[in-house]
Amino acid sequence: MNETRRAVLDALADGPVTGPALADALDVSRAAVWKHVEALRDDGFAVDSTDDGYVLAGVPEYGGLAVEYGLEAPFEVEYHDAVASTNDRARELAADGRRDAVVLADRQTGGRGRRDREWSSPTGGVWLSLVLRPDVPPARVPLLTLAAAVAVTDAAREAGVDAAIKWPNDVVVPRSGPDAPERGGDKLAGVLTEMEGEASRVSWVVVGVGVNANVDVADLAGDATSVRAEAGDVDRRAFVQRALERFDALRGDPGAVLAAWRERAATLGERVRVDTADGAVVGDAVDVTEHGALVVETAGGDRRVVHAGDCQHLRPVAEP
Ligand code: BTN
């Protein structure tokens, strides 16, 4: 949102304020104020004209400006009703030199998951990608993925969902009991991080986050769940704002990310099977490294550090 429009919006929120008073305060013409007010109305903000001047009467339910308004994090949000993949659009913005941009969509027609899997992205979900330019070597990038998983977990918990993180970055609702899925719970959200850079420095990072928010489970693939199914529909504007603010706080405090991830992890302490490119690793998940790798203690007592793979939580071995 451009600076003057933001200033007009803030003044209307504190209003009523007359056009001439606003023009004086912002050092712009009355016609310019009128244009900004009309543009805000076009963008879905309700601006009432009263005897005492303009006053903000309502904020759009969802969208770029709706998320930016009141957001306590420095992101500019580009909104699409539909887009192939927010990660693809974010990569274009990254190639154009943008930073701290967010691409947000109501629906994706070609959503991508990890390992080139399709990601169901019906209308009502939260599909977004952040464009970042962190001044770090590539080895530090996994911390951003972990931070995103923490941020989404916290926003989901605030929405009333019993969310936890399954390594590496799935946000799940853990299940127990005889009918529980072996994988570690039903998937609520996932994170897909992509980057470009050199050995010593990252050029850009795109962190794509998909949250099954106000969607029916029948419209999703696999063992998935949604905020709607767990806790009822959520205010997506507030959800995205909380997640972005939490992410912004964590990226500013990288030393806190691992502890926050561990606290929310459903995987640590579980017996797991991780399918890696070099075969399966089975054992107890005992920790995560600063690079986001899972430490698995195998039956022989070896500690294996697993950097990538599909993780399943196994049922505990029955006591003899
Ligand atoms: C996973 O496989 O768990 C990661 C899923 C990531 C999906 C999100 S939705 C927003 C962004 N755009 C995409 O195409 N993918 C990510």
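The values are calculated or read from the model by the stated rules, or taken from the named source; none is laboratory data. Owing to the predicted nature of the structure, the values given are computational and were not obtained by experimental measurement. Note that we place each Cβ from the backbone using ideal geometry, even for glycine, and neighbour counts take in every protein chain shown.
Taken across the stretch 118-131, residues that are surrounded by fewer than 16 Cβ atoms within 10 Å (Cβ to Cβ) and either touching a residue at least 40 places away in the same chain (Cβ under 8 Å) or in a loop (DSSP other than H, G, I, E, B) (or both) do occur, with at least one present. All of Val126, Val136, Val141, Val150 fail the test of being under 14 Å from the mean Cα position of the chain (by Cα), away from the ligand (no atom under 14 Å from the Cβ) and of a type in the set (A, V, I, L, M, F, W, C), apart from Val150. The residue list Arg115, Arg107, Arg89 contains one member that is within 15 Å of the ligand (Cβ to nearest atom) and modelled with pLDDT under 95, which is Arg115.
Of Ala148, Ala139, all but one fail to be under 16 Å from Glu263 (Cβ atoms), hydrophobic (A, V, I, L, M, F, W, C) and touching a residue at least 12 places away in the same chain (Cβ under 8 Å); the exception is Ala148. Can you spot a residue in the stretch 79-92 that is assigned to a helix (DSSP H, G or I) and either among the aromatic types (Phe, Trp, Tyr) or free of Cβ contacts under 8 Å to residues at least 40 places away in the same chain (or both)? Yes; the residues of the stretch 79-92 include at least one that is assigned to a helix (DSSP H, G or I) and either among the aromatic types (Phe, Trp, Tyr) or free of Cβ contacts under 8 Å to residues at least 40 places away in the same chain (or both).
In the stretch 193-211, the count of residues that are in contact with a Gly (Cβ under 7 Å, 6 or more places away or on another chain) and buried (at least 24 other Cβ atoms within 10 Å of the Cβ) is one or more. Considering (1) part of a helix (DSSP H, G or I); (2) in contact with a strand residue (DSSP E or B) (Cβ under 9 Å, 6 or more places away or on another chain); (3) charged (D, E, K, R), the lone condition that Asp48 does not fulfil carries the number (1).
Listed here are the residues, each with its yes/no results for (1) of a type outside the set (Ser, Thr, Tyr); (2) at pLDDT below 95.
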| residue | (1), (2) |
| --- | --- |
| Asp24 | yes, no |
| Ala31 | yes, no |
| Val37 | yes, no |
| Asp43 | yes, yes |
| Ala46 | yes, no |
| Tyr54 | no, no |
| Ala57 | yes, no |
| Tyr62 | no, no |
